[in-house]
Amino acid sequence: MRPAFSVLFLTTLIGAGQGLFITLFFVELLAGSSLSAGFFVGGSFLALVLLGLGGISSVFHLGHPERAWRAMTMWRTSWLAREGIALPAFIAAVFAYGVAHWLNLGYTLVIGVVGVVLAIVLFVCTGMIYGAIKVLKEWAHPLTIVNFIVLGCASGTTLAAAYASFAAPELTITLAQAAFALTVLGVVTRVSSLWRNATLRPTSTLQTAIGIRHPRIVQKSQGSMGGSYNTREFFHGKSASFVRGILVMLVLGVFVLPLALVMVLPLLAFIVQYLGLLAERWYFFAEAQHPQNLYYQGKS
Amino acid sequence: MTQLALVIDLNVCVGCHACVTNCKQWNTSGAAGALVDCNPYEQDPNGTFFNRVQTFEVGEFPQTETVHFPKSCLHCEDPACVPVCPTGASYKRKEDGIVLVDYDKCIGCKYCSWACPYGVREFDEQRKVMTKCTLCVDRIYDESLPEERRKPSCVLACPPGARLFGDVHDPDSEVSVAIRERGGYTLMPEANTKPANHYLPRRKTTVTVRSDELYRSDNPHKIDGAPFDKNLPPTTEELN
Ligand code: SF4
Ligand code: SF4
Ligand code: SF4
């Protein structure tokens, strides 16, 4: 698949925002009394900025953003519609959480629980957008959802550590340890899916695609001279060495460098991990082999 | 329940692209607006088409077959593209099974085209909505047309008649008989979308002729001009 940049930014930004909020909630749950309300107000604001930027970038993916409200209507069948509901709901919860801390309204833990549930619902919706497409075998697996959750939480916790290093230094090391652990968990889950995808065998072949049982079939024309939507949308169009380069950036950026940096320079660790996650999401798209590509193997 | 569909005979298709041009012509002139063409007279001309004809070479020279393969939306009975659509713009009609896109509802998220295994949906770069074969829903029910013209444009255009159109749920329809009697099959059955469109396979047309049929007993070989062969059975004339 061709990586869609708006979607790369959307999923990485909101993932970090969700992870950050979940971390804030657990900080309040475990050490809330020792912290000022300002810590949670600032943290919620940071999460809202990420979620807002993600929401804005998602608009660039649409041909008709002015009709985006319609995308909530088919929540009974479509995970994309469910995400379209879960994202504003989660943003509202984060907003309410921040306001409750700011104005000292109380019930912050209750709002926090609602927010955490919505964050997880949102992770599942985002993951299922990809996981529910059965023809993309690389995506249609529970690991897709697991990776969205684990990598989102890892980057969010890294960001929380970076934030704490300015706003509540006494928490930095604990949060950095949590980010370290989540990133290690991410190594396990993402490398599993990388391995799975690298060894997947496609179900469909050119033989089933055109229904001719012969071992040697060669495409001679695609029905167009200058390409088509089909040749643009479903190929990343980059060389194998470029794709390998992205894979290296993924491993270094999401895992190796943040693990090395998070204890000492959490802010730099977050920046590197975020850029690494962009590479990770790019690779996530490039990995997925759409069966429609069987119809676009050559022309002469 | 009705399920309208196309049945495409690969044994008959000559790869002339008449269905492609007539489909484009009909659908670009309709109420829904023109199908975009980008760089039509420049390098890399491309645009939106609902139907494409591809060509494949099967086998190794000299044992090769050239197969022309027309490809459009298969109006699946369990369409992967419909449930994923967040807006309901993509839908399958209950009354005749046609899968359509409501261009006024589509937000252009392209999600449906990811879910379709066959790559038959094309995003229109000008209108910014998803488009695909409509099974010429604006022709087949048009009562201002004479009844025999109420068929998809591509079907009417096909010079050798490789494209059949009808209800695949009616066991006596032309398309059902063709599927049944000429080995109709669906594409990528493993995708479980149950395509309504079917394809009829290439086949070698052979006639078995026995030697006694070459020298028919009731049609004397002398009249055929064949040399006299005394080993052949006697003709009717000779017997009488
Ligand atoms: S061929 Fe593709 S676009 Fe057409 S109905 Fe089937 S899944 Fe949907
Ligand atoms: S591109 Fe249009 S038809 Fe396709 S899923 Fe999005 S809204 Fe639905
Ligand atoms: S049925 Fe109509 S829209 Fe579909 S391929 Fe044929 S001419 Fe085009």
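None of the figures in this text is laboratory data; all of them are computed from the coordinates on show. From a predicted model like this one, the values you see are computed outputs, not experimental measurements. Virtual Cβ from ideal backbone geometry, glycine too; neighbours counted across all protein chains shown.
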Could you compute the FRET efficiency for residue B:43 and residue B:126, with r as their C-beta to C-beta distance and R0 at 22 Å, rounded to 0.05?
0.70
Compute the distance in nm between two label points, each set 7 Å from the Cα along the Cα-to-Cβ direction, one at residue A:275 and one at residue A:2.
2.6
Residues other than residue B:150 with Cβ under 11 Å of its Cβ, Lys/Arg counted +1 and Asp/Glu -1, net out at -2
For every helix of n ≥ 4 consecutive DSSP H residues, a contribution of -39,500 (n - 2.57) applies; sum these over chain A, divide by its total residues, and give [θ] at 222 nm rounded to the nearest 500 deg cm²/dmol.
-23000 deg cm²/dmol
Compute the signed sum of charges (Lys and Arg +1, Asp and Glu -1) over the other residues within less than 12 Å, Cβ to Cβ, of residue A:140.
+2
Percent of alpha carbon pairs in the protein assembly as shown separated by more than 35 Å?
48
Counting only other residues whose beta carbon sits under 15 Å from that of residue A:205, what net charge do I get with K and R as +1, D and E as -1?
+3
Roughly how many Å is it from the Cα centre of the stretch A:72-117 to that of the stretch A:146-198, as a whole number?
22
Given a Förster distance of 25 Å, the FRET efficiency implied by the Cβ-Cβ spacing of residue B:64 and residue B:12, rounded to the nearest 0.05, works out to 0.85
Expressed in angstrom, Rg and Dmax over the Cα atoms of chain B are 24.3, 85
Going through the stretch B:1-69, which GluC sites (Glu not before Pro) have at most 15 other Cβ atoms within 10 Å and a DSSP loop state?
B:42
Can you give the FRET efficiency for residue A:66 and residue B:231, using 1/(1 + (r/R0)^6), R0 = 60 Å, r = Cβ-Cβ distance, to the nearest 0.05?
0.10
Stretch in chain A that is longest and holds no trypsin sites (Lys or Arg not before Pro) that DSSP places in a loop and that have at most 16 other beta carbons within 10 Å
A:135-212
When the convex hull of the C-alpha atoms of the stretch A:28-147 is computed, what volume per residue in Å³ does it have?
126
Per DSSP H run of at least 4 residues, take -39500 (n - 2.57); add these up for chain B, divide by its residues and hand me the 222 nm value, nearest 500 deg cm²/dmol.
-4500 deg cm²/dmol
Any chymotrypsin sites (Phe, Trp or Tyr not before Pro) in the stretch A:15-85 that lie in a DSSP loop and have at most 15 other Cβ atoms within 10 Å would be A:60
Given the candidates A:100, A:127, A:167, the one whose Cα lies deepest towards the positive end of the charge dipole of chain A, counting +1 at each Lys or Arg C-beta and -1 at each Asp or Glu C-beta, is A:127
Before anything else, pin down the relative contact order of the stretch B:4-200: Cα pairs under 8 Å, at least 6 apart, normalised by residue count, whole percent.
29
Which of the residue pairs A:299/B:92; A:299/B:105; A:137/B:132; A:134/B:132 have a Cα-Cα distance greater than 30 Å in the structure shown?
A:299/B:92; A:299/B:105
Can you pull out the chymotrypsin sites (Phe, Trp or Tyr not before Pro) in the stretch B:139-195 that DSSP calls coil and that have at most 11 other Cβ atoms within 10 Å?
B:141
